[in-house]
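Peer 1: Let me give you the structure first, and then I'll get to my questions.
The values are calculated or read from the model by the stated rules, or taken from the named source; none is laboratory data. In this text the structure is predicted, and so the values were computed from the model without any measurement. Glycine gets a Cβ as well: all are built from the backbone with ideal geometry, and neighbour counts include every protein chain shown.
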Amino acid sequence: MRVIGVILLEGARLFDFAVVSEVWQIDRTGAGLPPFEVRLCGPRPVDLHPDGSATPTHDIAGLTGCDLVIALGRVEPHATVPKEVVTALRVAHRNGAVVAGLCSGAFTLAAAGLLDGRPATTHWALLDDLARVAPSADISRDVLFTDDGDVCTSAGVVGGLDLCLHLVRRDHGADAASTLARRMVMPPIRDGGQRQYVTAPVPIRPARPDIASTVDWAVTALGEPIGVADLARRAGMSERTFHREFVAATGATPGRWLLSQRVRHAQRLLETTDLPVGRVAERSGLGSAANLRRRLRAELGVAPDTYRRNFHLPAE
C-alpha cells in the first residue's frame with residue numbers, strides 16, 4: 001500500500017488524524033521505509049476534536065486510486081456520513097482498496113455497508129452501538145483490531161496505532177514495521193487478539209487491618225502453594241467468615257484476588273527478568289508453563305512470549 005486516502009469528516013478525532021500522519025506522512029525513506037502519498041479527502045475543511053482543523057488536499061473523489069482508505073474516528077459516532085462519502089468509499093473498496101476504520105471510524109464503514117458479514121470492533125464503550133448499527137457484522141469485543149483482508153477495524157485510541165503498524169507490517173514486512181515502531185519509541189507488535197483493556201485489580205491493601213495484614217503476607221508468598229484456607233487461617237477466621245469479610249473489604253472473592261495477584265506477579269517477572277516461562281509460572285504460584293499460558297490468555301488475551309516481547313524492560 002503506497003497511496004493512503006484519509007476521509008475527513010467533521011468532528012474527526014485529532015489523535016486518529018495524528019496517528020495516520022505519524023505513520024504515513026513523515027518521510028522515512030532514509031530509514032529504509034518506502035515513500036507514501038497521503039491524500040486528505042473530503043468535501044470541505046473540518047474541525048478536529050478536541051482541537052485543531054484539517055483542510056482536504058483532494059475532494060472525496062480522491063479516494064479513487066488509493067491502496068488504503070482510512071475512516072478516522074469521530075467524536076459523534078452516529079453523525080451522518082454524507083451520501084457522496086458513502087458512494088466514494090464503496091467505489092474505492094469495490095476497485096480494490098483496503099478500507100480501515102480507526103476507533104469509531106467503524107461507524108463510517110458501517111454506514112457504507114462494508115461491515116456486513118465481517119469481523120469488526122471499535123472502542124469498548126461503543127461495541128453495543130456498533131452491533132445495533134451493523135447487525136450483520138461479527139462484533140469482536142475483546143480485541144485490539146480486526147483484519148479481514150480488505151476490511152479492517154480497530155479499538156479505541158492506541159488500538160488505531162496498533163492497526164496502522166499491523167498494516168505496514170502486512171504490506172511492507174516486519175523490518176519496516178519494527179523500524180517505524182522504534183522511531184515512535186513503542187513496541188512494534190501488539191497482537192490484534194490482545195484485550196482492549198483489563199479490569200483494574202482490587203486494592204492490594206484493604207482498610208480493614210486483619211484483611212490488610214493477610215494480603216500483605218500473601219503477596220510475599222505467591223510462589224508458595226498457598227490457598228484460600230491458608231489466607232483464612234492467617235486472618236484467624238473460618239473460611240466461610242473470611243470469604244464474607246474479604247469480599248466486603250475488597251470487592252473480590254479470596255480465590256479471585258489470589259489468582260489476579262499471581263497473574264500480576266507473572267507479568268512483572270516477564271517484564272523485568274529473562275526467566276524461562278516455566279520458572280515464571282513457578283515463582284508466581286501458577287505451577288506450570290501451560291497454566292501460566294492459560295491464565296494469561298484468559299486475563300490479557302495474549303501468550304507469555306508475546307507479552308514479554310511487547311513489554312520486557314531491557315537491563316540498564
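Peer 1: Surrounded by 14 or more Cβ atoms within 10 Å (Cβ to Cβ), in contact with a Pro (Cβ under 7 Å, 6 or more places away or on another chain) and in contact (Cβ under 8 Å) with a residue 12 or more places away in the chain: is that true of Arg264 in this structure?
Peer 2: Criteria met by Arg264.
Peer 1: Residue under question is Arg28, and the condition is that it be without any contact (Cβ under 8 Å) to a residue 12 or more places away in the chain, among the basic types (Lys, Arg), in the same structural domain as His172 (by TED's automatic domain parsing) and more than 22 Å from Arg132 (Cα to Cα); does it hold? Please lay out each step first, then the result.
Peer 2: Numbers: without any contact (Cβ under 8 Å) to a residue 12 or more places away in the chain: no; among the basic types (Lys, Arg): yes; in the same structural domain as His172 (by TED's automatic domain parsing): yes; more than 22 Å from Arg132 (Cα to Cα): yes.
Judged against the criteria, Arg28 is not a match.
Peer 1: With (1) part of a loop (DSSP other than H, G, I, E, B); (2) among the aliphatic types (A, V, I, L, M); (3) crowded, with 19+ Cβ neighbours inside 10 Å as the list, and Ala79 as the residue in question, which single condition is left unmet?
Peer 2: Here Ala79 meets the rest and fails (3).
Peer 1: Okay, moving on. Quick test of your reading of the structure: Phe107 fulfils all but one of (1) in contact with a Gly (Cβ under 6 Å, 6 or more places away or on another chain); (2) in a helix (DSSP H, G or I); (3) more than 20 Å from Val3 (Cα to Cα). Name the failing condition by number.
Peer 2: (1)
Peer 1: Could I ask something else about it? Go through Leu275, Leu258, Leu231 for me and flag whichever is of a type in the set (A, V, I, L, M, F, W, C) and without any contact (Cβ under 8 Å) to a residue 24 or more places away in the chain.
Peer 2: Selected residue: Leu275, the only one of Leu275, Leu258, Leu231 that is of a type in the set (A, V, I, L, M, F, W, C) and without any contact (Cβ under 8 Å) to a residue 24 or more places away in the chain.
Peer 1: Being more than 34 Å from the chain's Cα centre (by Cα) and surrounded by 16 or more Cβ atoms within 10 Å (Cβ to Cβ) is the filter; apply it to the range 213-238 and report the residue that is farthest from Arg283 (Cα to Cα).
Peer 2: Here the answer is Met237.
Peer 1: So which helices (runs of 4 or more DSSP H) are wholly in the range 224-299 and hold at least 3 residues that are touching a helix residue (DSSP H, G or I) at 6+ places or on another chain (Cβ under 6 Å) and farther than 17 Å from Ala212 by Cβ?
Peer 2: On the way: elements: 228-235, 239-250, 254-272, 277-283.
Answer list for the range 224-299: 254-272, 277-283.
Peer 1: Given the condition out of contact with any Ser or Thr (no Cβ under 8 Å at 6 or more places or on another chain) and aliphatic (A, V, I, L, M), answer yes or no: does some residue in the range 28-46 qualify?
Peer 2: Within the range 28-46 (the criterion being out of contact with any Ser or Thr (no Cβ under 8 Å at 6 or more places or on another chain) and aliphatic (A, V, I, L, M)), the answer is no, since none of the residues qualifies.
Peer 1: Would you confirm whether or not the range 25-39 contains a residue that is at pLDDT 95 or above, polar (S, T, N, Q) and at negative phi?
Peer 2: no
Peer 1: Another one. What residue, of Ala71, Ala61, Ala79, is in contact with a strand residue (DSSP E or B) (Cβ under 6 Å, 6 or more places away or on another chain) and either of a type outside the set (D, E, K, R) or not assigned by TED's automatic domain parsing to the domain that holds Leu130 (or both)?
Peer 2: Only one candidate passes the filter, namely Ala71.
Residue-wise test of (1) assigned to a loop (DSSP other than H, G, I, E, B); (2) surrounded by 16 or more Cβ atoms within 10 Å (Cβ to Cβ); (3) not assigned by TED's automatic domain parsing to the domain that holds Leu165.
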residue	(1), (2), (3)
Val19	no, yes, no
Val23	no, yes, no
Pro35	yes, no, no
Val38	no, yes, no
Pro43	yes, no, no
Pro56	yes, yes, no
Cys66	yes, yes, no
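Peer 1: From the list Gly11, Gly73, Gly5, which residue is within 25 Å of the chain's Cα centre (by Cα), at pLDDT 95 or above and at positive phi?
Peer 2: Gly11
Peer 1: Across the range 110-160, what is the total count of residues that are under 15 Å from Val75 (Cα atoms) and either in a loop (DSSP other than H, G, I, E, B) or not assigned by TED's automatic domain parsing to the domain that holds Val75 (or both)?
Peer 2: Qualifying residue count, the range 110-160: 5.
Peer 1: Might you let me know whether the range 171-181 holds any residue that is without any contact (Cβ under 8 Å) to a residue 12 or more places away in the chain, farther than 11 Å from Thr121 by Cβ and in contact with a Pro (Cβ under 6 Å, 6 or more places away or on another chain)? Talk me through it step by step, then tell me what you get.
Peer 2: Of the residues in the range 171-181, the ones without any contact (Cβ under 8 Å) to a residue 12 or more places away in the chain are 173, 178.
Next, only the ones that are farther than 11 Å from Thr121 by Cβ stay: 173, 178.
Narrowing further to those that are in contact with a Pro (Cβ under 6 Å, 6 or more places away or on another chain): 178.
Among the residues of the range 171-181, at least one is without any contact (Cβ under 8 Å) to a residue 12 or more places away in the chain, farther than 11 Å from Thr121 by Cβ and in contact with a Pro (Cβ under 6 Å, 6 or more places away or on another chain), which makes the answer yes.
Peer 1: With the checklist (1) assigned to a loop (DSSP other than H, G, I, E, B); (2) farther than 20 Å from Val157 by Cβ; (3) of a type in the set (A, V, I, L, M) in hand, flag the one item Val86 doesn't pass.
Peer 2: (1)
Peer 1: For the range 82-101, how many residues are crowded, with 22+ Cβ neighbours inside 10 Å and without any contact (Cβ under 8 Å) to a residue 40 or more places away in the chain?
Peer 2: Looking only at that region, the number is 0.
Peer 1: Please find, among Ala248, Ala229, the residue that is modelled with pLDDT under 90 and out of contact with any Lys or Arg (no Cβ under 7 Å at 6 or more places or on another chain).
Peer 2: On the way: Ala229 fails: modelled with pLDDT under 90.
None of the others qualify; the one that does is Ala248.
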